[in-house]
Amino acid sequence: MKYSMFGPLLVALAWPLGACGSDAFPFNADNPGRGPGELLDNTQPLNSDYTGGTSGDPEAAASDPAALAAIPVCDATCRDYCDGLSLNNPVDASMCRALWGVGLDTRPIDFHEACRRLHVDLLGEFPTRGQSNRACADGDWDTAVSGMLQDERFVRVHRRRWADLLRYNNTAVSIERIYDADQLVARLYLGYASYDEFAAVVSAHPVLTRRYDTAGDRVEALFELFLGRPPYNNERADMARLYAQWENGYFDHPALGMRLPDATLRFPCVTDDGRVDPSTKGQCTSVLWGYKEVILTPDYRALEGEMWSGLLTADEWHLLQEPGRIIASQLGFWEHAVDRALEYYLGYDLVTDIPAVRKALVEYVLAHNGDMRALHYAIATSQIYLQSSAGETETEHRYTHGPLKQATVETWIDSLKKTTGYDLGRCDHRMPEPRDIAESSPAGIALVRASEWDLTDNGIRRDYRDLARTLGGCPDNNVGGRFTTVSILTTATQESFVASVCNPALQQNRGAGVDALIPGDLDPSRAIDADAAEAIVEHQVRTFFGRRAREAERQEARDNATACTPAPCSVEAFARPVCYALLSSSEMLFY
């Protein structure tokens, strides 16, 4: 193909091969994102607040317990009962005809349990007792959830979740594109982008198009991501035409001094002189969802029939995002978003049994302009979510007691780091493989140093990453991704790490500082007694579990104070085994 003779000159000017960047190609190690995500520049949030919220504590209608073995049928009396409850929350209102209206009930909300669950799901860490008291004061769950949705940790939780979904890997996709996608996710969860806008940008974003080999593969990835299912054969074949121009190429980054894998474009539906070819334009046209023609014509930016995606204009990006707009126009798009959020918060499939919940939440999100924070607010303030999981199960209906889930690896490690002050590195979900970048150039070193990786004189710290990957976190997304399991290997790894943190064997210069494990008024070298033992257990339970110690736990501490060997035990000699017992317990892993 023959294009402009000025192409090589333009590229030489636009992609300078200088030492560490230039005015023509600025590079900012603190904010290196570059891509279509930058074009979403809404300056006002979609919503300032949300309707609904908590519905109090509804009472169940009288019923025959024997009739509740299967999912009960809501008759006219049941419907009238539910209408009379005036439930504010869309989840609760849609659940009533399978719950309170037919005589089933939810469990009461336990302050400690609910606040702890909110901290983990919304902020990604277990709270201390003080944090629970501040965040969930007086059991005002609407205010608590609203405040957490404004916290930067909420955004970080979902940036990491989408890193898993989009499989960030900087050996497969340009690091600049990954940072741009990460900023796009942040805008979504800050409330500055609607979910359909987000999907449109992602559909033609290099983090997706460069991650897959063929047009059909890109279609399948898009369907799985936003509809939760693979495309049918006709859908795959038809939409693949809208991805016909995408190619997997490379870009020689002038500042980083390295070749980055990036998306490029070719022009299969144009003639040699750069015009749309009537005989081949069908290869770039979808007809299954209406006539959708996605054809770019080459100009001076193209070299030998190929153009770097970094040179696309805003209008060209918009044209290429047609697959995402098609997907977002389908009801299944919003339904899958609701299903994914419910599964995240509840840990089980609710909508298969109660499809009315899905319908109510789709309507709720659309009424709030596609704001994902509204969806999270509605679920997190529902009675179904906030209720306690403790106690005997009187029915087989999963929604009559609260969620009980396993914490993610990062939640577990970060909580231990926070509460004990144990020195451990970090990992960055945007840059699973930082070594090549750090070794590329001074700009690469600056980029890694500005990231969440810890760069020391001896190189990149890998202790956090190695621990997390053994347990299924911090995935490199090269071949496999995140996994969650309880096994002999993971249990042994967790107990070994807890032992290194708590140092129950009292090895010299090992473990977390003892000051984090005992109340401030105790001398770690003094002899232990029953009062000191009880104070230590109370302090650690408040710190690690976010609640007060139970009477049985306090009594056990007093009893063990006299049994501690070799006697006389010091406060530290008692506190460190207590730390190990608490941090290796199931309460530190499940919530």
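A few comments on the model shown:
- Answer from TYR385, TYR344, TYR399 - the residue that is surrounded by fewer than 19 Cβ atoms within 10 Å (Cβ to Cβ) and aromatic (Phe, Trp, Tyr): TYR344
- Checking each residue in the stretch 138-151 for being under 10 Å from CYS115 (Cβ atoms) and surrounded by fewer than 17 Cβ atoms within 10 Å (Cβ to Cβ) picks out only GLY139.
- Screening ALA69 against (1) at pLDDT 95 or above; (2) surrounded by fewer than 17 Cβ atoms within 10 Å (Cβ to Cβ) leaves a single unmet condition, (1).
- Candidates ARG301, ARG210, ARG275, ARG241, filtered to the one that is under 30 Å from ARG435 (Cα atoms) and in contact with a Ser or Thr (Cβ under 9 Å, 6 or more places away or on another chain): ARG210
- Candidates in the stretch 444-463 are the residues that are part of a loop (DSSP other than H, G, I, E, B) and either under 20 Å from the mean Cα position of the chain (by Cα) or in contact (Cβ under 8 Å) with a residue 40 or more places away in the chain (or both); of these, the one that is surrounded by the fewest Cβ atoms within 10 Å (Cβ to Cβ) is GLU452.
- For the stretch 216-231, residues that are in a helix (DSSP H, G or I) and either among the aliphatic types (A, V, I, L, M) or over 29 Å from the mean Cα position of the chain (by Cα) (or both) total 4.
- Total residues in the stretch 517-535, condition crowded, with 16+ Cβ neighbours inside 10 Å, over 35 Å from the mean Cα position of the chain (by Cα) and over 12 Å from SER570 (Cα atoms): 2
- Sole exception among (1) closer than 30 Å to LEU303 by Cα; (2) surrounded by 19 or more Cβ atoms within 10 Å (Cβ to Cβ); (3) of a type in the set (A, V, I, L, M, F, W, C) for MET258, by number: (2)
- Restricting attention to the stretch 464-505, the residues that are assigned to a loop (DSSP other than H, G, I, E, B) and surrounded by 13 or more Cβ atoms within 10 Å (Cβ to Cβ) total 11.
- Some residue of the stretch 6-16 being in contact with a Pro (Cβ under 7 Å, 6 or more places away or on another chain), aliphatic (A, V, I, L, M) and at pLDDT below 80: no
- Members of the stretch 370-405 found to be touching a Ser or Thr at 6+ places or on another chain (Cβ under 7 Å), hydroxyl-bearing (Ser, Thr, Tyr) and in a loop (DSSP other than H, G, I, E, B), listed by number: THR381
- Residues (among the hydroxyl-bearing types (Ser, Thr, Tyr) and in a helix (DSSP H, G or I)) located in the stretch 543-576: THR543, THR562
- Residue in the stretch 145-156 that is free of Cβ contacts under 8 Å to residues at least 60 places away in the same chain and either part of a loop (DSSP other than H, G, I, E, B) or in contact with a Ser or Thr (Cβ under 9 Å, 6 or more places away or on another chain) (or both) present: yes
- Only one of the numbered conditions (1) surrounded by 16 or more Cβ atoms within 10 Å (Cβ to Cβ); (2) outside any loop (DSSP other than H, G, I, E, B) is violated by ASN234, and that is (1).
- Those residues of the stretch 177-192 which are surrounded by fewer than 23 Cβ atoms within 10 Å (Cβ to Cβ), in a helix (DSSP H, G or I) and touching a Leu at 6+ places or on another chain (Cβ under 8 Å), in sequence order: ARG187
- Residue match in the stretch 268-283 (condition: of a type in the set (Lys, Arg) and in contact (Cβ under 8 Å) with a residue 24 or more places away in the chain): no
- If only residues of the stretch 464-510 that are without any contact (Cβ under 8 Å) to a residue 40 or more places away in the chain and in contact with a Ser or Thr (Cβ under 8 Å, 6 or more places away or on another chain) are counted, the one that is farthest from ALA29 (Cα to Cα) is LEU489.
- Filtering the stretch 291-316 to residues that are aromatic (Phe, Trp, Tyr), modelled with pLDDT of 95 or more and surrounded by fewer than 19 Cβ atoms within 10 Å (Cβ to Cβ) leaves only TYR291.
- Residue match in the stretch 265-280 (condition: surrounded by 19 or more Cβ atoms within 10 Å (Cβ to Cβ), among the aromatic types (Phe, Trp, Tyr) and either in contact with a Gly (Cβ under 8 Å, 6 or more places away or on another chain) or more than 30 Å from ASN31 (Cβ to Cβ) (or both)): yes
- Of the residues screened, ILE437 is not one that is in contact (Cβ under 8 Å) with a residue 40 or more places away in the chain, closer than 28 Å to ARG129 by Cα and either in contact with a Cys (Cβ under 7 Å, 6 or more places away or on another chain) or assigned to a helix (DSSP H, G or I) (or both).
- ALA172 vs. criteria more than 15 Å from the chain's Cα centre (by Cα) and outside any loop (DSSP other than H, G, I, E, B): no
The values are calculated or read from the model by the stated rules, or taken from the named source; none is laboratory data. Please read all numbers here as calculations on a predicted model, not as lab measurements. Don't worry about glycine lacking a Cβ; one is built from the backbone with ideal geometry, like all the others, and counts go over all protein chains shown.
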